[in-house]
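Student: Here it is, the structure in full.
What follows is calculated from the coordinates using simple rules that are stated; it is not laboratory data. None of these values were measured; they are calculated from a predicted model. Please note: Cβ atoms are built from the backbone with ideal geometry, for glycine as well, and neighbour counts cover all protein chains shown.
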Amino acid sequence: MKIIMLGAPGAGKGTQAKKLATKYGIPHISTGDIFRANIKNGTELGAKAKVYMDQGLLVPDELVVCLVVDRFKKSDCEKGYVLDGFPRTIPQAKELDEALAKNGDAVEYAIDVDVTDAEIISRMSGRRACVGCGATYHVKSVPPKKEGICDVCGANLILRDDDKPETVEKRLKVYHDQTQPLIEYYQAKGILKSIDGSIGLENIFKEIVKIVEA
Ligand code: AMP
């Protein structure tokens, strides 16, 4: 089962990707998480990526594609995977298709979680991330038990630089300019499925399950 999750930053695709990965026993591959882990571990890749991430810009394609293609080589990807945050540009999508085609493979579903910009801005300004383990919360919809403290590891919760309102607006512009064209790209391939992202977490998940089990 090879699934791509599409949608604007903050549309909820990460949450759905994690739920899918758990339900079907396949890895959840988030390029954003990979970059954040690299930043935390002080790697060269992390330092390069951070410059772009902090400004709400996309990390250059050449720093992203090899990373993902390498990740596919791990044995846990044999049954498939859920890609979250990749591809984010047409060149990334084409490179992904080419890399998969070498093994006679292809993406099976591109699932777009559709949410308005106004809703995205309101959601992201309330998002909080743990500085310790990276767990994410929302001040209204998924609050931690104790304000400002992670339920999982007890470390502090912060508003990530890339979730700050001015950065979110820039990320939305980047999304519309560079990532939204993927919707047409996958539509043309006949594998695009669009879901209304305002129907609630559980309903969105049910819709996705219906699609992949049809
Ligand atoms: P995310 O957690 O998926 O929202 O990603 C956070 C940030 O990481 C993005 O705003 C980009 O700067 C960077 N990033 C993640 N995935 C990609 C990708 N496929 N291509 C380029 N930049 C990416």
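Student: Could you work out the relative contact order of the chain, using alpha carbon pairs under 8 angstrom and six or more residues apart, expressed as a whole percent? The partial results should precede the final answer.
Tutor: Working: 306 pairs, mean separation 61.7, N = 214.
Relative contact order comes out at 29 percent.
Student: Exceeding 28 Å between C-alpha atoms, which entries from my cross-link table qualify? They are K19/K193; K23/K74; K73/K189; K146/K170; K19/K164. Walk me through the numbers before you get to the answer.
Tutor: On the way: K19/K193 17 Å; K23/K74 20 Å; K73/K189 25 Å; K146/K170 31 Å; K19/K164 26 Å.
Over 28 Å Cα-Cα: K146/K170.
Student: When the label point is put 7 Å from the Cα of N41 along its Cα-to-beta-carbon vector, which residues of segment 58-82 have a backbone N closer than 15 Å?
Tutor: 67-68, 70-72, 74
Student: Of the listed peptides 99-112, 47-60, what is their order by residue-averaged count of other C-beta atoms within 10 Å, with the highest listed first? Kindly include the intermediate steps, with their values, before the conclusion.
Tutor: Working: 99-112: 14.8, 47-60: 16.5.
So the peptides 99-112, 47-60, ranked by packing, come out 47-60, 99-112.
Student: Further question: How would you order 5-16, 152-163 from highest to lowest mean count of nearby Cβ atoms within 10 Å? Before the final figure, lay out the partial values.
Tutor: On the way: 5-16: 23.8, 152-163: 15.4.
Descending mean neighbour count gives 5-16, 152-163.
Student: Extension gain A118-E213, at 0.36 nm per residue separation less the Cα-Cα distance, in nm?
Tutor: Working: separation 95, 0.36 × 95 = 34.20 nm, distance 3.21 nm.
Length gained, A118 through E213: 31.0 nm.
Student: Would you order C66, C150 from fewest to most other beta-carbon atoms within 10 Å of each residue's own beta-carbon? Present the calculation step by step, with values, prior to reporting the outcome.
Tutor: Working: C66 12, C150 22.
Fewest-to-most Cβ neighbours within 10 Å comes out as C66, C150.
Student: So how far, in whole Å, is the C-alpha centre of segment 8-48 from the one of segment 169-214?
Tutor: First find each Cα centre; the distance between them is then 17 Å.
Student: Show that you can apply the helix-only estimate: for the chain, add -39,500 (n - 2.57) for every DSSP H stretch of four or more residues, divide by all residues, and state [θ] at 222 nm to the nearest 500.
Tutor: Numbers: 9 runs with 96 residues, N = 214.
Theoretical 222 nm ellipticity from helices: -13500 deg cm²/dmol.
Student: Now a separate question. Given V139, G200, I29, which one lies farthest toward the positive end of the charge dipole of the chain, if we put +1 on the Cβ of every Lys and Arg and -1 on the Cβ of every Asp and Glu?
Tutor: Projecting each Cα onto the dipole axis, the largest value belongs to V139.
Student: So which aspartates and glutamates pass the test for K94, namely a Cα distance under 19 Å, with those fewer than 8 places away in the same chain ruled out?
Tutor: Within reach: D61, E62, D70, D84, D105, E108, D112, D177, E184.
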